[in-house]
Amino acid sequence: MCDEQVISNFYGRAVKAGPRVIPEKCQKQPAIVRLGKRKWRCARCQSWLSEKENKLPSGEIYCSNCITLGRLTSADTLYTIPEPNHFAQSPQPVLAWTGQLSNLQQKCSTQMLKAVQAEHDFLLWAVTGAGKTEITFASLAWALEKQWRIAFVTPRIDVCNELYPRLQQAFPTVSILLQHGQAQIPYQYRQLTVCTVQQLLHFVKAFDLIIIDEVDAYPFVNNRLLHQAVRRARKATGVTCQLTATPPAKLVRAFRRDANKELAILPLRFHQQPLPQLTIKVCSTTPAILAGQTQRYVWWMNTIARWVQAGYPFLVFVAVVEQLEMIYRYIKHHLTTSSIRGTTVHAGDPFRVQKVAAFRNREYTFLVTTTILERGVTFSNLQVLILAADARHFTATTLIQIAGRVGRKSAAPTGEVLAVCRQYTWALKRARREIAFLNRQGKNLVTK
């Protein structure tokens, strides 16, 4: 006999057989299914596999596309129990958040709630710092009280780590699980799951509501495997709500054309201050500094010195990992105050989560980072420097998101975003143009 905790681990999940006890009520299927003479398909990620490329020396076929979630072979079996929505009733009201939405936020919140109740997919296009998470609270509260199972997902670990405590605080009586590649918490059956979108590959028709934050972010954008994971993890009657500050034009068109999909646009931050505009300046010496060819003092160090003197934390963005240490050493070399602490951070950094937390706690004054911190993180009084802003890694969307890290708090709604480059690229022009457009739209709403 299996106890309820063991059984619940199979609810709405495809679990690989192992040394665990398998409940009798489980449905089972081969992990790798043969579909043709030389064609195979992974039951977890739905990828097509070829015998030539995916055959092991033992003769088994394995899936290389979702191997980071644990290897599956044609000898494995996946077990699942259909989602029963077996949750304890939380004391109502479940929402403990006592903040107040602006009139514009409230309008978007109401529109989202009506879409969820009507089981229509929903897209919220709101500028960075508009309070997208708080706009979802009413819909989350309604769905939780209806005993829906919910996934709040995002492509980035850092965004998950920021969302999790905020949702815990807003819904203190609700069982919430945090799941991503670096999370230390083992899986448990919970009504609300906060996870990276990759984790949805484990689920099958589990969720009544999936909210995807930062839908335009890597690795979700244009990733067929992860889009398939969302569709597979959602129930047939489920709802998907997407949130972003920089939606792809194709996505916006799809929502505008479909009567069963709803779109809300919010071009103004919750504190009603404009988005920080990029200040673009040319520096011919910066490429040599990035390459480690010179320690010559450049003018943008004056800006950093001014931020340090004012006590502002700041982020320095570079295009590639190889430039991180070079720029960190350069800044430390030229800072007159030796007590100023900083470090580097990137996607593959094993201490990335701890470093970001330390920066938030003011244990570091600055971080030299790749675009991994372009979105989903909030720091008070933040200033930003982008080096080699004309590099191909800095797309218009990325530049807008980076600028959006600044001025997110109502107590500090302004700040500087300095982009240093050799040439004025199309991406820089488009980013400035879109920020200016959104600020005009927001200003029109305020003056109405």
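Any read-out appearing in this document is the output of simple, stated calculations on the displayed coordinates, not a laboratory observation. These figures come from a predicted structure and were not determined experimentally. So basically every Cβ, Gly included, is an ideal-geometry build from the backbone, and we count neighbours across all protein chains shown.
Give the long-range amide H neighbours of ASP121: residues separated by 5 or more places, or on another chain, with amide H under 5 Å away, using H modelled in the peptide plane at 1.01 Å from N.
THR240, GLU262
Match the structure shown to one of the listed values (i) 69, 59, 42; (ii) 60, 58, 44; (iii) 80, 50, 44 of Cα extents along the principal axes in Å, computed from it, and give that label.
(i)
If you plug each phi of the stretch 196-202 into the Karplus form 6.51 cos²θ - 1.76 cosθ + 1.60 with θ = phi - 60°, what whole-Hz ³J(HN,Hα) values come out, in order, with x for Gly and Pro?
The phi angles translate into 6, 4, 4, 5, 5, 4, 7 Hz.
Can you work out ³J(HN,Hα) from phi for every residue in the stretch 28-43, in order, using Karplus 6.51 cos²θ - 1.76 cosθ + 1.60 and θ = phi - 60°, giving whole Hz and x for Gly and Pro?
Here the 3J(HN,Hα) series is 10, 8, x, 5, 10, 9, 7, 10, x, 5, 10, 10, 9, 9, 6, 6 Hz.
Using 1/(1 + (r/R0)^6) with R0 = 30 angstrom and r between the beta carbons of ALA436 and ALA288, what's the FRET efficiency to the nearest 0.05?
Result of the calculation: an efficiency of 0.40.
Run down the lysines and flag those whose C-alpha is under 23 Å from the C-alpha of LYS443, throwing out any fewer than 8 positions away in its chain.
Partners within reach: LYS107, LYS132, LYS409, LYS429.
So if I take the centroid of the Cα atoms in the stretch 164-193 and the same for the stretch 402-428, what is the distance between those two points in Å?
32
Non-local amide H neighbours of THR73 (under 5 Å, H modeled in plane, Pro and chain starts lacking H): which ones?
Counting only residues 5 or more places away or on other chains, the set is empty.
State the extension gain, in nm to one decimal, for the chain segment bounded by ALA96 and GLN277, taking 0.36 nm per residue of separation less the distance between their alpha-carbons.
61.6 nm
I want to make sure I understand the PRE zone here: with the label point 7 angstrom from the Cα of ALA347 toward its beta carbon, which residues in the stretch 44-77 have backbone N atoms less than 19 Å away?
Residues 64-70 fall inside that zone.
List, in order, the whole-Hz ³J(HN,Hα) value for each residue of the stretch 412-420 obtained from phi through the Karplus relation with A = 6.51, B = -1.76, C = 1.60 and θ = phi - 60°; use x for Gly and Pro.
9, x, 10, x, 9, 10, 9, 10, 9
Just report the Cα centroid separation between the stretch 226-286 and the stretch 1-77, whole Å.
34
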